[in-house]
1. How do Leu294, Leu321, Leu315, Leu356 rank when sorted from fewest to most other Cβ atoms within 10 Å of their own Cβ?
2. Could you give the length gained on full extension between Thr82 and Thr267, defined as 0.36 nm per residue of separation minus the Cα-Cα distance, in nm?
3. Divide, for the stretch 93-245, the radius of gyration over alpha carbons by 2.2 N^0.38 Å, where N is the residue count.
4. Residue by residue through the stretch 216-227, which ³J(HN,Hα) values in whole Hz follow from phi under the Karplus form 6.51 cos²θ - 1.76 cosθ + 1.60 (θ = phi - 60°), with glycine and proline marked x?
5. What order do you get for His166, His307, His331 when you list them from fewest to most C-beta neighbours inside 10 Å?
6. Project the alpha carbons of the chain onto their principal axes and report the range along each, largest first, in whole Å.
7. More than 24 angstrom separation, counting every C-alpha pair in the stretch 1-128; what % is that?
8. Normalised by the residues of the chain, what does the relative contact order come to in percent, with Cα pairs under 8 Å and at least six apart?
Amino acid sequence: MVVSRDNIGNLRGWYEGAKDANQAMLLGSHLDSVRDAGKYDGPLGVLVAIAAVRDLYNRGVRLPYAIEVVAFADEEGLRYGTTYLGSKALAGTFDAADLNRIDAAGVTMADAVRTFGGDPDRIAEDRWKGGDLVGYCEVHIEQGPVLEARGLPVGVVSGIAGQSRHQLTFTGEAAHAGTTPMDHRKDALVAASVFVQAVADYAESQAGLVATVGRLTVQPGAANVVPGEVILSLDVRHARDADRLHASKHLIDVAGKIAAQRGIALTTTQVSENGTVQCSPRLSSLMARAAEDLGHATIQLASGAGHDAVEMAGLTDITMLFVRCKGGISHNPAESVTEEDVAVAIDVLGKFLALLAADD
Ligand SMILES: [Zn+2]
């Protein structure tokens, strides 16, 4: 491959196609991780893509399309609190205002880009300029328990679930923990706790829905003061947008009722809203066929986690292949895959590229 690094920091390897090739296929995933992460979330997809290209090269095979392997620079958004930096640059959706964000050490994103040799003023040039695209394919660990439970090494992703994030503020009244009788309290944390339980109960009762309260800030936060204010996050995901929007609205209504019953004020703000991204039925059925041709049963499953493929979907058709991971554990040093399953993923990706080459 001819390897280059672009201004945002994506590493890109170009494998030339056959003589008359006038299209390109993108393969990739991300190189960054979260803090205290595992080894496979991201890098596995890059390495599997490189292995598939190496196999083509070793066999002297050139396809009717070129391949670009992209190792995306920053998907998790840990340092600057904003995700998909590398894939946004490639998709042409990078927001230049993000260059002014500062990290925990006070370094701007623009300076961080300069430090490794990128030019923050030229990130717009990272946008895809390689001509017509066949699609984008990302191999990734499942980060969930479905493939393990079904005894399958790989699975084909049907789509990437949309996400709604809200911030809810319960405002009661801070008061003395020793002198304020229980029936005189407006305890914001008790109301918030009832809500946290209600979120879990509701999500457990709805197929395909996941809802999470992941952050709570309690004020004033003292052992001897009745909590006056709680700010919490609500993250709602479902593979169907209508179900996600319905669930978000329902849960915010529930929060309102819980607050009203306890004489507590509630304010809510929407933090973000991303629709579900569907994988290409054509590419995904080729992927399923590739697995089946190699003797592996497959299933289609939705991704609850976001991926660079979300951004790539704005540029071209996408497909994803999930690899079984131990216990569904991810974003954790215990993240684990087997060598055998990785070998299956490499073979399936190679077969997929061959089927794609024969498909018109
Ligand atoms: Zn990832």
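Bear in mind that the values in this text are calculations on the coordinates, not laboratory data. All figures in this text were calculated on a predicted structure; none of them were measured in a lab. No Cβ is skipped: glycine too gets one built from the backbone with ideal geometry, and neighbour counts run over all protein chains shown.
1. Numbers: Leu294 14, Leu321 26, Leu315 18, Leu356 22.
By the 10 Å Cβ count, ascending: Leu294, Leu315, Leu356, Leu321.
2. Working it through step by step, the gained length comes to 64.1 nm.
3. Details: Rg = 23.1 Å, N = 153, 2.2 N^0.38 = 14.9 Å.
This ratio for the stretch 93-245 stands at 1.55.
4. Values per residue, Gly and Pro as x: 10, 10, 10, 10, x, x, 10, 5, 10, 10, 5, x Hz.
5. On the way: His166 19, His307 27, His331 16.
Sorted ascending by nearby Cβ count, the order is His331, His166, His307.
6. 82, 47, 34
7. On the way: 2688 of 8128 pairs.
Beyond 24 Å sits 33 percent of the P(r) for the stretch 1-128.
8. Numbers: 798 pairs, mean separation 88.6, N = 360.
Here the relative contact order equals 25 percent.
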